[in-house]
Amino acid sequence: MRRVVIFRLIPVDDPPKGLPIASPTSSEREIHKTEPGVRSSPFDGEPSPAQQTAAKLLLRYAAFARWSRQAEVTGYRIKTRASLTDLHVDLFDVTHNEVLVVLPSCARPGIWEALGRLHDQARFFTPLPRRVLLLPDEPDADLTELLLVQHVTAVWPSGPREFSRTSSML
């Protein structure tokens with residue numbers, strides 16, 4: 001058994017004196033261009049098979065976008081003042097104003113997470129870009145409907161050097 005003293009401090013009128021207070025309207029952020037798919041990982045070692053699959057798919061799509069769509073593509077690293085970690089944009093199509101997130105599978109939990117990433121990343125760009133989810137296969141009808149309702153376009157490989165896409169509602 002041990003004794004613990006708990007202090008609960010409640011501000012009376014003002015924020016505490018002497019502490020740096022960030023303005024709630026502060027929107028300072030740094031946005032740096034990177035190569036498509038570049039991320040800094042806190043872990044050393046080999047990427048997982050899923051990460052390798054996603055990286056290969058992303059490189060394949062980036063080559064397709066440059067060649068077939070005549071697109072300028074890049075990646076971004078976004079550091080916000082209030083966050084300890086950076087946001088990594090897998091691929092941004094500058095020519096067509098699209099932010100893209102890649103997934104190694106069409107599993108529903110991964111798609112839910114990717115939707116959150118897409119919406120979070122898109123808000124850092126002006127004008128608001130179209131949101132695109134790069135998948136290894138065509139999504140089923142239910143997931144396609146989910147993506148359409150969320151204003152997200154699905155893209156998947158449809159041949160050796162081709163990709164198909166759903167249309168978004170935007």
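Bear in mind that the values in this text are calculations on the coordinates, not laboratory data. Here the structure is a predicted model, which means the values were calculated and not measured. Note: ideal-geometry Cβ built from the backbone for every residue, glycine included; neighbour counts use all protein chains shown.
Figure the gain on full extension for V94 and S68 (residue separation times 0.36 nm, minus the Cα-Cα span) and round it to one decimal in nm. Could the numbers behind the result be given before it?
Details: separation 26, 0.36 × 26 = 9.36 nm, distance 1.46 nm.
Full extension from V94 to S68 adds 7.9 nm.
What full-extension length gain, to one decimal in nm, is calculated for S164 and W112 as 0.36 nm per residue of separation minus the Cα-Cα distance? All intermediate terms of the calculation are to be shown ahead of the outcome.
Working: separation 52, 0.36 × 52 = 18.72 nm, distance 2.10 nm.
Taking 0.36 nm per residue and subtracting the Cα distance, the gain is 16.6 nm.
Name the residues of region 132-155 whose amide N is less than 20 Å from a point 7 angstrom out from the Cα of L59 along the C-beta direction? In region 132-155, the label zone of L59 (backbone N under 20 Å from the point 7 Å along Cα→Cβ) covers 134-137.
Using per-residue counts of other Cβ atoms within 10 Å, averaged over each peptide, order 76-84, 62-70, 117-125 from highest down. Show your work: numbers first, answer last.
Details: 76-84: 13.4, 62-70: 15.0, 117-125: 16.9.
For the peptides 76-84, 62-70, 117-125, the packing ranking is 117-125, 62-70, 76-84.
Look at the Cα gyration tensor of region 49-170: its axes a ≥ b ≥ c give a/c under 1.5, and that counts as rounded. Remark: spin-label model distance L148-E46 equals 4.2 nm, labels positioned 7 Å along the Cα→Cβ axis.
Spin-label model, D140/T126: points 7 Å from Cα along the beta carbon direction are separated by 4.3 nm.
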